[in-house]
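Peer 1: Below: one structure in structure tokens.
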Amino acid sequence: MDLDCDVLVIGGGIAGLSLASELARRRGTGAGVVLAEAEPRPAHHTSGRSAEQLIPSYGPAPVRELTELTVAALLAPGPDAERPVAWPSTVVVVGAGEALRAEAVPGTTELDREAVLGLCPELACAPAAEVEGGLLDTTSVRTDAAALVERHRRAAEAAGARILLRAPVTAAAREDGAWAVRAGTHRVRARQVVVAAGAWADAVAGLFGAVPLGLVPLRRTAALVRLARPLAADHPMVVAAGDAWYYRRAGAGALVSPAEAVPSEPCDARPVAADVDALVARLNELTCLGITGVERAWTGLRTEAADGVPVCGPDPEVPGLLWLAGQSGYGFQTSTAMARAAADLLLEGAVGPWCTPATVAALDPARLRG
Ligand SMILES: Cc1cc2nc3c(=O)[nH]c(=O)nc-3n(C[C@H](O)[C@H](O)[C@H](O)COP(=O)(O)OP(=O)(O)OC[C@H]3O[C@@H](n4cnc5c(N)ncnc54)[C@H](O)[C@@H]3O)c2cc1C
């Protein structure tokens, strides 16, 4: 099929779908927006594999600013009384010494060991050298990733945006001031293109002649485990200082992660069974969680720029090409604000005053081109 549009978004994860729905909302119509996704369904890759937590105290300063904005937007009531996509869910970072102090940022409350054990009695088994105290973030929220992705897809399509599935972008050429793009069986003519292709962002941007930004996909695994005793309904998510591991309640069991960051090629990442087994052994040794088995495990790729800050901005050399990539472990928690920034750039040419100039500069892909 031949399509003509103002904006072609490449990638149907949380980044691309948030942008498609933001553009549709802003323009009052999604006509003029096409999203091309390589897989048969949206969010097949990293966006279908997250821990679904949005933590305003997590990440570098620009990420924290974008997270606060995103959390506020997701807690606001949805259109047409849709089911909520986010709800309050406390996080406590635990640890000792310098590793714990390094995690203290505005918005967190220091806890001594006794206070940590009050919230997380299963840590009573952990030696004080490992759990000396904690940092509490009561502004954190959980999201329903699948519902959020679906909300964006429906909003974009209801406003007339075209979402193409099984449409991998494989070739692009500049013709008469626009891009002529091959996306599966479709030929799409687009005045602006957004690269929201997660682990494939550098490769996809290369089809348009862009120099890679050096984005590195990093493998991270999570697993659902069975517990001898379920955690309380209001049990906080527990994160080890220094990103060593984390766990949170998931029904009668728990979601656990070794929080590894192992460089990988862009691919459909799969768990390494030994990583999960080692984590279960470690948590059973350190805590009284009493993990009795693993229900299922999965792995995704958190794609990162060298400075750990996401990328949102025009390519410095290639006309009509915008990057929306490098979200690392913050893709959900920054999604609404990143989409808003990208939409501002596409529609207005600059990010509005709702975002600080320091954060706009921190997101600029030009910073990664030395
Ligand atoms: C274990 C784990 C836990 C995490 N927990 C959290 C969390 O609690 N909170 C949080 O905020 N973040 C978390 N993250 C990170 C978050 O999941 C990512 O930042 C986010 O999903 C990235 O979204 P994306 O849309 O950029 O990438 P993706 O979801 O990977 O989407 C990119 C899409 O581009 C498509 N694509 C690639 N090449 C092409 C092409 N040539 N043509 C067309 N389409 C193409 C792919 O098929 C893919 O669907 C976690 C990640 C992992 C792995």
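Peer 1: Would you check which residues across the stretch 151-185 are within 11 Å of the ligand (Cβ to nearest atom), small (Gly, Ala, Ser) and either in contact (Cβ under 8 Å) with a residue 60 or more places away in the chain or in a loop (DSSP other than H, G, I, E, B) (or both) and list them?
Peer 2: 167, 183, 184
Peer 1: Please verify whether residue 270 is within 15 Å of residue 51 (Cβ to Cβ) and open to solvent by 10 Å² or more (accessible area, probe 1.4 Å), treating the condition exactly as stated.
Peer 2: no
Peer 1: Among the residues that make up the stretch 52-59, is at least one of them assigned to a helix (DSSP H, G or I), touching a strand residue (DSSP E or B) at 6+ places or on another chain (Cβ under 9 Å), within 14 Å of the ligand (Cβ to nearest atom) and open to solvent by 30 Å² or more (accessible area, probe 1.4 Å)? Lay out the reasoning, then the answer.
Peer 2: First, pick out the residues of the stretch 52-59 that are assigned to a helix (DSSP H, G or I): none.
No, that holds for no residue.
Peer 1: Within the stretch 15-48, work out how many residues are in a helix (DSSP H, G or I) and touching a His at 6+ places or on another chain (Cβ under 8 Å).
Peer 2: Within the stretch 15-48, the first condition is being in a helix (DSSP H, G or I), and the residues that meet it are 15-27, 46-48.
Filter once more, so that each one left must be touching a His at 6+ places or on another chain (Cβ under 8 Å): 17-18, 20-21.
Adding up the residues that qualify gives 4.
Peer 1: Now for a different question. When you go through 34, 9, 63 one by one, which is the residue that is within 14 Å of the ligand (Cβ to nearest atom) and outside the structural domain of residue 337 (by TED's automatic domain parsing)? First the steps, then the outcome.
Peer 2: Working: 34 fails: outside the structural domain of residue 337 (by TED's automatic domain parsing); 9 fails: outside the structural domain of residue 337 (by TED's automatic domain parsing).
Testing whether each residue is within 14 Å of the ligand (Cβ to nearest atom) and outside the structural domain of residue 337 (by TED's automatic domain parsing) leaves just 63.
Peer 1: On the basis of being out of contact with any helix residue (DSSP H, G or I) (no Cβ under 8 Å at 6 or more places or on another chain), within 16 Å of the ligand (Cβ to nearest atom), of a type in the set (A, V, I, L, M) and touching a residue at least 12 places away in the same chain (Cβ under 8 Å), does residue 276 make the cut? Steps first, answer last, please.
Peer 2: Values: out of contact with any helix residue (DSSP H, G or I) (no Cβ under 8 Å at 6 or more places or on another chain): yes; within 16 Å of the ligand (Cβ to nearest atom): yes; of a type in the set (A, V, I, L, M): yes; touching a residue at least 12 places away in the same chain (Cβ under 8 Å): yes.
Answer is yes for this residue.
Peer 1: Now, a different point. Identify, please: which residue in the stretch 186-202 is within 13 Å of the ligand (Cβ to nearest atom) and farther than 20 Å from residue 342 by Cα and is, among those, most open to solvent (accessible area, probe 1.4 Å)?
Peer 2: 186
Peer 1: (1) under 26 Å from residue 309 (Cα atoms); (2) open to solvent by less than 40 Å² (accessible area, probe 1.4 Å): which one isn't true of residue 133, the others all being true?
Peer 2: (1)
Peer 1: Among the residues of the stretch 296-313, is any at pLDDT 95 or above, surrounded by 13 or more Cβ atoms within 10 Å (Cβ to Cβ), of a type in the set (Ser, Thr, Tyr) and under 17 Å from residue 13 (Cα atoms)?
Peer 2: Yes.
Peer 1: Ok, one more. When the stretch 93-114 is examined, which residues are found to be more than 9 Å from residue 132 (Cβ to Cβ) and open to solvent by 40 Å² or more (accessible area, probe 1.4 Å)?
Peer 2: Taking the stretch 93-114 and keeping what is more than 9 Å from residue 132 (Cβ to Cβ), we get 93, 98-99, 101-111, 114.
Once the filter is applied, which keeps residues that are more than 9 Å from residue 132 (Cβ to Cβ) and open to solvent by 40 Å² or more (accessible area, probe 1.4 Å), the stretch 93-114 yields 98, 99, 101, 102, 103, 104, 106, 107, 109, 110, 114.
Peer 1: Can you name every residue in the stretch 105-129 that is at pLDDT below 95 and in contact with a strand residue (DSSP E or B) (Cβ under 8 Å, 6 or more places away or on another chain)?
Peer 2: 107
The values are calculated or read from the model by the stated rules, or taken from the named source; none is laboratory data. Because the structure is predicted, anything quoted here is derived from the model rather than measured. Counting neighbours? That spans all protein chains shown, and the Cβs are built from the backbone with ideal geometry, glycine included. What goes into the accessible areas is simple: the full protein's heavy atoms, side chains included, and nothing from ligands, DNA or RNA. Shrake-Rupley method; radii C 1.70, N 1.55, O 1.52, S 1.80 Å.
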